[in-house]
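A.B. asks: Once you've had a glance at the structure underneath, I'll fire off some questions.
None of the figures in this text is laboratory data; all of them are computed from the coordinates on show. Since the model is a prediction, treat every value here as computed from it, not as a measurement. Here the Cβ positions follow ideal geometry from the backbone for every residue, glycine too, while neighbour counts run over all protein chains shown.
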């Protein structure tokens, strides 16, 4: 299900609530209302994304112009300072929305990269354990096979010596054999 229409509707409701409280419940001046709308835009941008915050920015700018910028109750400011304030609000809101969306995207990318790093570390640890077990197995096989191979070699040598008619000896060992 696409959540964007619901989020857009909630953004519109947020603008309506801020307008109601700033205009009717707690009558606010132009600066306070502007900061309230900017706070709403930042909350929407950091929570959902750029589309919702852009819609909130445009609606906030329109309601800000209509309810708080002189001439109140009409669109379009009469003074140049009010026009500058209106466009400053719009530019600040859009910039903040874009920055919040970028931060959100980069944060999610960092989380994905961190998960991939953890998976790679887990895989590396597993390979390390398997390699260690292989080395241990090879070491044990060598320690077991080496004495067995030596015993087989000694046994084959003894069998060859016993299979001969007379043993061959060198030097003094031959004389000792002949004298005995």
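A.B. asks: For the peptides 154-163, 58-67, what is the packing order when you average, over each peptide's residues, the other Cβ atoms within 10 Å and list the highest mean first? Can you show the working numbers first?
C.D. replies: Numbers: 154-163: 9.3, 58-67: 19.6.
In decreasing order of mean packing, 154-163, 58-67 become 58-67, 154-163.
A.B. asks: Give me the base-10 log of I(q)/I(0) for the chain at each q in 0.08, 0.14 Å⁻¹, Debye formula, one uniform scatterer per Cα, rounded to two decimals.
C.D. replies: At q = 0.08, 0.14 Å⁻¹ the computed log10 ratios are -0.52, -0.87.
A.B. asks: Highest first, please rank the peptides 24-31, 100-107, 143-150 by the mean number of other Cβ atoms sitting within 10 Å of their residues.
C.D. replies: Taking the mean over residues of other Cβ atoms within 10 Å, the ranking is 100-107, 24-31, 143-150.
A.B. asks: Where the centroid of each part is defined by its Cα atoms, how far is segment 121-137 from segment 1-50 in Å?
C.D. replies: Measuring centre to centre over Cα atoms gives 55 Å.
A.B. asks: Here's another thing I want to ask about it. Helix 30-47 versus the longest principal axis of the chain: what angle, 0 to 90°, nearest 10, using Cα atoms?
C.D. replies: For helix 30-47, the angle is close to 30 degrees.
A.B. asks: May I pose another question? Between residue 111 and residue 136, what FRET efficiency comes out of the Förster formula 1/(1 + (r/R0)^6) with R0 = 35 Å and r the beta carbon distance, rounded to 0.05?
C.D. replies: Values: r = 38 Å, r/R0 = 1.07.
That gives a FRET efficiency of 0.40.
A.B. asks: Using the count of nearby Cβ atoms within 10 Å as a rough guide to exposure, how do 32, 57 rank from fewest to most?
C.D. replies: Working: 32 13, 57 28.
Listing 32, 57 from fewest to most nearby Cβ atoms yields 32, 57.
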